[in-house]
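Here the structure is laid out as structure tokens; the discussion comes afterwards.
Bear in mind that the values in this text are calculations on the coordinates, not laboratory data. Everything quoted here is computed from the prediction, not taken from an experiment. Cβ coordinates were reconstructed from backbone atoms using ideal geometry, including for glycine residues, and neighbour counts include every protein chain displayed.
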Amino acid sequence: MMTKTMKVLAASVLIAVSAPVMAGGHGHWKHQHRHKHVVVHHYPAHTVVVERPVYVERTVVVERPVYIERPVVIERTVQVYEPPVYPRPVYEPPVYPVPVYEPAPAPSTSGITTRKIVGTTIGAVAGAAIGNRIGGGSGRTAATAVGAVVGGMLGSHF
């Protein structure tokens with residue numbers, strides 16, 4: 001359907017464009033009236049002599065490079081590398097601060113208190129007992145161990 005429509009549109013465009021040509025050019029179109037106002041100038045006629053070009057043979061010299069085998073010498077300065085000269089280093093003995101001897105600090109037990117140890121122990125024992133009651137069969141040992149760890153963690157906070 002689409003190709004048929006496109007063909008009809010193309011044909012109508014061609015007919016519309018070629019309509020002025022088919023009209024015959026009898027002065028019906030505006031663009032043909034512009035040729036009526038042509039001005040013709042008449043200059044006095046005079047004779048013009050046209051000469052043919054003259055060709056002269058002459059020798060043409062083309063310079064081409066000539067190659068001769070001989071050494072080529074290019075003069076240029078050559079730079080010689082010399083290592084830099086540094087002054088001899090002067091080493092002085094290092095200066096250390098004077099050591100201060102003090103007795104070693106006593107170990108700090110502020111993080112672990114007796115109260116915390118008692119809480120952890122009681123929590124572990126209670127957790128193991130609860131785990132032992134919950135577990136059954138071959139999983140009783142695992143439940144006891146998990147109960148002891150969880151109980152110890154919870155008991156350390158009290």
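Some observations on this one:
- Among 132-138, 51-57, sorting by the average number of other beta carbon atoms lying within 10 angstrom of each residue, highest first, gives 132-138, 51-57.
- In order along the range 7-14, the Karplus-derived 3J(HN,Hα) couplings, from 6.51 cos²θ - 1.76 cosθ + 1.60 at θ = phi - 60°, round to 5, 5, 5, 5, 5, 5, 5, 5 Hz, and Gly and Pro are given as x.
- Coupling constants for the range 121-134 follow from the phi torsions by the Karplus curve (6.51 cos²θ - 1.76 cosθ + 1.60, θ = phi - 60°), and in residue order they are 5, 5, x, 5, 5, 5, x, 5, 5, 5, x, 5, 6, 6 Hz; glycine and proline get x.
- Coupling constants for the range 149-156 follow from the phi torsions by the Karplus curve (6.51 cos²θ - 1.76 cosθ + 1.60, θ = phi - 60°), and in residue order they are 5, 5, x, x, 5, 5, x, 5 Hz; glycine and proline get x.
- Alpha-carbon Rg with Dmax, taken over the range 114-155, Å: 10.4, 37
- Loop-located trypsin sites (Lys or Arg not before Pro) in the range 48-122 (DSSP state not H, G, I, E or B) with no more than 16 neighbouring Cβ atoms inside 10 Å: Arg58, Arg76.
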